[in-house]
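For reference, the structure discussed in these notes is given below.
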C-alpha cells in the first residue's frame, strides 16, 4: 500500500521520541508547561500563578541540564539531543521574559522558592515518575508575616481629621470582639501538599461543570422586613439579604450592572449590623452612595470623605471614600473598629502591584484581625476583564485565598470533595466550592423580567474627507510595517514547512505583541494603533454629534459617550450651536458638580443630552431618564462598553434601550467593533457557564494588530 512507508516512518519517529522521553521524562512536562506560560504572556503580563510556574520551569531546566551532563550512562548523541530540547524550553523562557522584564529576577539562581513553588516542582517531578526523598514530599508553609496597614512610604501622608480625634477621645477603647479566639492550629489536610491556585483558576477558565457561578440562596421570605416605608426590594435582592440574615458574610456580588447592588449592600449592612461600615467607591458615585444610605436606611448616618476629611461626621455609621484618597486615611480607618467593608467596582483592584489594591487589601486584613465575622462585599458586574486571574485580588479581599493558597474555609470545602487536581472531576467540584464561598451572579434576563430589552445598533459612517483618507493610508502603512517584520523573521529562521499562502500564527502574534508594547511605551508621540484609533474618534466626532442631536429631537434625552476630551469638546460645541442644553460628566469634576449634572439630566426637562466620558462616567451612574445611548468612540474592552450602556439599562428603566455605535466604515474601527462583540467569552464561560471559545481572552488591541498583520499579508 502506498501509505505503508509514511506510517512506518511515523511509528519510527514516535518510538524514537518515546525513547528520548524515557531518558528524561520531565522534559515533555516542562515543554507543555512553558507553552502554557508563553500563551498567557502573549495576552498580557503574567499573574501570580503563572509567575510561579515560570520560576519552577527555570529551576527544573537547570536541574535537568546538570543531571543530563553528569549522567555517564547516556550516549553523546542522546545527551546532545536532550540538551537541545532543554535549550528549546530555555529559549521560550527567555522570549517570555523579554516581553515581561519583571520575570528576569525569577531566573536568578539564588531566588528563594516559596512553598507554592516547591509544591509545584514536587508535583511535576512525581508526574514524571521521579522518586523523591521524604523531605521533598512534605512541604510546610512559612509562618505568616504581619504587614502594617500603613506602609512606610505612606506614613507621612496620613491625616487624622479633628472629628475623628473627638470620636477617639469619646471612646478610646474599642469593645473587644469576644467571638475572636486565638487561632487554632489547623490540622493537616489531604490537599495541603498540592498547589491549588492554578487548578482553581483553571476550573473557572474552562467553565468546568457549566451553570451560572452563583451560590444557592434562600427563597424569598414571606414578609419584607428590611425595606423602609414606601420602598420595596426586588425578589433577587430579598434572597441575597436573606443569605446575610442567615449568617453569610463574604460575597462577590457579581450581578450584571443595573440590578441594584448598591441598595443590596446598604441593606446588607443593616441586616448584619455591620457598623461602622466603610465603602470604598469610585469618585463618581460617592454622592450617590450617601443618597442610597439615606434612602434605604434612613435611621443610619453616612459621611462622605473629601480631601483630608476636615468636614466629615466622625460619629457616622457609614464612611464613604474614593480609591484615590484612601491612602491618606488608612491610619485612622484601621483603628476605627470597622465591622464591615464594601469595595464598589471591585475590578478596580485587580492589579495587585498598585498602591490602590494594596491599601484595600491591607484594610480588609486588619478588619478580619479585629472582627470575628465581618461583612465583606466586593461589588462588580464585570469581575473578569482580561484573564481569570483577575479574581485573585477579589478573593484575597474576601479572605477566601491568600494568593498562594486557599484560606482555611475554602480548603476545608476542597478537602471534602475527596478529589485532587489529578482527578478530572476535581475541577467542577472546585468551581462549586469557590462559588459556595459567596459568589452571587444574576443576569437581568433572569431576575428582572420587567426590564425592557437592550439593543446595540451599529451605524457605519463614511470618512470621505481628506482626514478620513489620511487615516486609511496610515492604517495601510501600519499593516505593511507589521507584515515586513513578519517576513524578516520568517526569512531569518526559514519557513519550516509552511504551505504556500500559510502564515505562522505564533510569529503573527509575536509581531503584534511587540508592536503593542512599543505603542504603549511611545504613547501619542508616534503613529501607532492608539493614535490611529484616536484620530478615527476625532474624525467621527461631528458625525456622531449630529446623529445624537437628530436623535434627541425625535426621542428625547440622549446619553453621548466618548473616550477623549477633544471628542467631547467638539460634540458639546456642536450641541451648543444646535441650541441644545447639555450637561457634562468628566473625570476632572468635583463629586458635587458631577452629581448636580446627573440630577439635572434626570430631572430637568430642558436638558437634552449628557456628554459623558467612557472612563469617568461609565460606572455607578444612574441615567434612566434616557433610553438612548450614542457611543461616539469604541472602547478597548467589552466590559467598558457594557458598563456605559448599563448606565441607562438598569432597574427603573421603563423603555427599551438602544445603544447606537458610530462605526467608521472601511477602517480598523469596524474590526474593533467585531472584536468587542467576540471578547465577551471569558465572563460567559467563567461566570455564566456558557460554552464559548476559550481562545477569546486576547486583548482587543492585540487581536486588532494581528488582524492588520494578516490583512497586509493577504490572509485576513
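When the range 450-473 is filtered for residues that are more than 30 Å from residue 648 (Cβ to Cβ) and either out of contact with any helix residue (DSSP H, G or I) (no Cβ under 6 Å at 6 or more places or on another chain) or without any contact (Cβ under 8 Å) to a residue 60 or more places away in the chain (or both), the ones remaining, listed by number, are 464, 465, 466, 469, 470, 472, 473. Among the criteria (1) out of contact with any helix residue (DSSP H, G or I) (no Cβ under 9 Å at 6 or more places or on another chain); (2) free of Cβ contacts under 8 Å to residues at least 12 places away in the same chain; (3) in a helix (DSSP H, G or I), the one residue 600 does not fulfil is (2). Do we have any residue at all in the range 335-350 that's buried (at least 21 other Cβ atoms within 10 Å of the Cβ), without any contact (Cβ under 8 Å) to a residue 40 or more places away in the chain, in the same structural domain as residue 440 (by TED's automatic domain parsing) and in contact with a strand residue (DSSP E or B) (Cβ under 7 Å, 6 or more places away or on another chain)? Scanning the range 335-350, I find no residue that is buried (at least 21 other Cβ atoms within 10 Å of the Cβ), without any contact (Cβ under 8 Å) to a residue 40 or more places away in the chain, in the same structural domain as residue 440 (by TED's automatic domain parsing) and in contact with a strand residue (DSSP E or B) (Cβ under 7 Å, 6 or more places away or on another chain), so the answer is no.
In the range 514-561, of all residues being over 30 Å from residue 480 (Cβ atoms) and not in a helix (DSSP H, G or I), the one that is modelled with the lowest pLDDT corresponds to 556.
When we screen 343, 285 for residues that are part of a strand (DSSP E or B), within 27 Å of residue 586 (Cβ to Cβ) and under 23 Å from the mean Cα position of the chain (by Cα), the only hit is 343. Here residue 290 meets each of (1) without any contact (Cβ under 8 Å) to a residue 40 or more places away in the chain; (2) under 25 Å from residue 373 (Cβ atoms); (3) in contact with a strand residue (DSSP E or B) (Cβ under 6 Å, 6 or more places away or on another chain) with one exception, condition (2). Please work out if residue 325 is part of a helix (DSSP H, G or I) and in contact with a helix residue (DSSP H, G or I) (Cβ under 8 Å, 6 or more places away or on another chain). Answer is no for this residue.
Taking the range 489-498 as the range and being part of a loop (DSSP other than H, G, I, E, B) and either in contact with a helix residue (DSSP H, G or I) (Cβ under 7 Å, 6 or more places away or on another chain) or farther than 14 Å from residue 713 by Cβ (or both) as the test, the residues that pass are 494, 496, 497.
Against the definition (touching a strand residue (DSSP E or B) at 6+ places or on another chain (Cβ under 9 Å), in contact (Cβ under 8 Å) with a residue 60 or more places away in the chain and not in a loop (DSSP other than H, G, I, E, B)), how does residue 269 come out, yes or no?
Values: touching a strand residue (DSSP E or B) at 6+ places or on another chain (Cβ under 9 Å): yes; in contact (Cβ under 8 Å) with a residue 60 or more places away in the chain: yes; not in a loop (DSSP other than H, G, I, E, B): yes.
Answer is yes for this residue.
Whenever a residue of the range 186-208 is over 15 Å from residue 430 (Cα atoms) and not assigned by TED's automatic domain parsing to the domain that holds residue 392, it has no partner that is modelled with pLDDT of 75 or more and in a loop (DSSP other than H, G, I, E, B) lying with C-beta atoms less than 8 angstrom away and at least six residues away or across chains.
Would you say residue 362 is at pLDDT 90 or above and in contact with a helix residue (DSSP H, G or I) (Cβ under 6 Å, 6 or more places away or on another chain)? Before the answer, list the steps.
Values: at pLDDT 90 or above: yes; in contact with a helix residue (DSSP H, G or I) (Cβ under 6 Å, 6 or more places away or on another chain): no.
The answer is no for residue 362.
Restricting attention to the range 159-175 and to residues that are touching a helix residue (DSSP H, G or I) at 6+ places or on another chain (Cβ under 9 Å), within 21 Å of residue 370 (Cα to Cα) and assigned to a loop (DSSP other than H, G, I, E, B), the residue that is modelled with the lowest pLDDT turns out to be 174.
Only a single item in (1) more than 11 Å from residue 349 (Cβ to Cβ); (2) part of a loop (DSSP other than H, G, I, E, B) is not met by residue 383, and it is number (1). Residue 560 meets each of the listed conditions (1) within 30 Å of residue 606 (Cβ to Cβ); (2) out of contact with any strand residue (DSSP E or B) (no Cβ under 9 Å at 6 or more places or on another chain) apart from (2).
Could you pull out the residue among 241, 252, 200 that is at pLDDT 85 or above, buried (at least 16 other Cβ atoms within 10 Å of the Cβ) and in contact with a strand residue (DSSP E or B) (Cβ under 6 Å, 6 or more places away or on another chain)? Talk me through it step by step, then tell me what you get.
Numbers: 241 fails: in contact with a strand residue (DSSP E or B) (Cβ under 6 Å, 6 or more places away or on another chain); 200 fails: in contact with a strand residue (DSSP E or B) (Cβ under 6 Å, 6 or more places away or on another chain).
Going through 241, 252, 200 in turn, the sole match is 252.
The number of residues in the range 413-433 that are in contact with a helix residue (DSSP H, G or I) (Cβ under 6 Å, 6 or more places away or on another chain) and under 30 Å from residue 268 (Cα atoms) comes to 5. Applying the condition of being surrounded by 13 or more Cβ atoms within 10 Å (Cβ to Cβ) and within 26 Å of residue 330 (Cβ to Cβ) to the range 176-192 and asking which residue is modelled with the lowest pLDDT yields 180.
Would you call residue 228 more than 30 Å from residue 329 (Cα to Cα), modelled with pLDDT of 90 or more and either under 20 Å from the mean Cα position of the chain (by Cα) or part of a loop (DSSP other than H, G, I, E, B) (or both)?
When the stated conditions are applied, residue 228 does not pass them.
For residues that are in a helix (DSSP H, G or I) and either modelled with pLDDT of 95 or more or surrounded by 21 or more Cβ atoms within 10 Å (Cβ to Cβ) (or both), tally how many sit in the range 562-572.
Initial filter on the range 562-572 (in a helix (DSSP H, G or I)): 565-572.
Checking which are either modelled with pLDDT of 95 or more or surrounded by 21 or more Cβ atoms within 10 Å (Cβ to Cβ) (or both) leaves us with 567-568, 571.
Going through the range 562-572 one residue at a time, the tally reaches 3.
Among the criteria (1) in contact with a helix residue (DSSP H, G or I) (Cβ under 7 Å, 6 or more places away or on another chain); (2) more than 23 Å from residue 285 (Cα to Cα), the one residue 576 does not fulfil is (1). Helices (runs of 4 or more DSSP H) fully within the range 1-110 that include at least 1 residues being surrounded by fewer than 16 Cβ atoms within 10 Å (Cβ to Cβ) and modelled with pLDDT of 80 or more: 26-42, 48-70, 76-99.
In a residue-by-residue description of the range 295-306, the property of being at pLDDT 90 or above, in contact with a helix residue (DSSP H, G or I) (Cβ under 6 Å, 6 or more places away or on another chain) and buried (at least 24 other Cβ atoms within 10 Å of the Cβ) applies to no position.
The values are calculated or read from the model by the stated rules, or taken from the named source; none is laboratory data. Quick caveat, the model's predicted, so the values are computed rather than measured. Every residue, glycine as well, gets a Cβ built from its backbone with ideal geometry; the counts of neighbours run over all protein chains shown.
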